[in-house]
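The values are calculated or read from the model by the stated rules, or taken from the named source; none is laboratory data. Keep in mind the model is a prediction, meaning the values are calculated, not measured. With ideal geometry, Cβ positions are generated from the backbone for all residues, glycine too; neighbour counts draw on all protein chains shown. Accessible surface is based on the protein model in full, side chains and every heavy atom, while ligands, DNA and RNA are left aside. Shrake-Rupley method; radii C 1.70, N 1.55, O 1.52, S 1.80 Å.
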Amino acid sequence: MVNSSDIRNVILIGHGGSGKTSLAEAMLHKTGATNRLGSVDEKTSICDYYDEEKEHQHSILSATVHVTHAGKLINLIDTPGYPDFTGSAIKAIPAAETAILVIGASAGIETNTRKMFQLVTEAGMPRIIVINKMDADNVIFSELIQNIRETFGSQCRCANLPTADKTGVIDCVENESGDSPVMDVGQAHTELIESVIEANDDLMESYLSGEEISAEKITAVFVEALKAGTV
């Protein structure tokens, strides 16, 4: 049994080919919901279960799967991203509380990336952007981050950064230094903190008066900031 307060409904949106389904499969496998990593290319994906989806190797209808993490039941709605099938994605938006916008690093911001972001923004949903396929060749991360901010607003801040060797993740709330190929960790930390505390007047006042804001306080107000759209 799961209490209703412990249920989270998250929708994965973005242009076709950005890797939404592969991300969902990775989350299923990482949390232990599956004992193997499903693959779109190998036609073993749980989310793309129709024959036509397997044949064309992309989602046609939205699919719902769930994982358990940190005591929460998280329902993931994996949506199609190609323009011909976005009706299914649009219909799924009211069923979710939070949107994850997936952007393929090499392709960048595409038509449906903009459209879906606009729709979930109009729905008043907290939004998280995931840059996927970061191991692609010839990706200039500084330009990609700049394009994201120019398209979706300066409140787009890096909450996590890959390590230089791409084997780990740097939490930009807790870390003020580190080596990442995407951007300076210290800069990312400062920008993130400043955007998060905009959602809380007391923290903002403390910050402006020179007080050091602990990672615990930032974490506590992070959800509030996502809801308010300051980050």
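Worth a mention:
- Listed by position, the strands (runs of 3 or more DSSP E) contained in segment 91-209 that have at least 3 residues being open to solvent by 30 Å² or more (accessible area, probe 1.4 Å) are 127-132.
- In segment 1-15, residue modelled with the lowest pLDDT [restricted to those that are under 30 Å from Pro83 (Cβ atoms) and open to solvent by 10 Å² or more (accessible area, probe 1.4 Å)]: His15
- Residue pairs meeting the criteria (Cβ under 9 Å; at least 6 apart or on separate chains; first closer than 18 Å to Arg157 by Cα, in segment 114-138; second open to solvent by 90 Å² or more (accessible area, probe 1.4 Å) and outside any helix (DSSP H, G or I)): Met134/Lys166
- Near pairs, Cβ below 6 angstrom, 6+ apart or cross-chain, from segment 205-225 (among the small types (Gly, Ala, Ser)) to any residue that is surrounded by 11 or more Cβ atoms within 10 Å (Cβ to Cβ) and not in a loop (DSSP other than H, G, I, E, B): Ala225/Val196; Ala225/Ala199
- Residue list for segment 1-47, restricted to those being in a helix (DSSP H, G or I) and in contact with a Leu (Cβ under 7 Å, 6 or more places away or on another chain): Asp6, Lys20, Leu23, Ala24, Glu25, Ala26, Met27, His29
- Matching residues, segment 23-46, being surrounded by 17 or more Cβ atoms within 10 Å (Cβ to Cβ) and small (Gly, Ala, Ser): Ala24, Ala33, Gly38, Ser45
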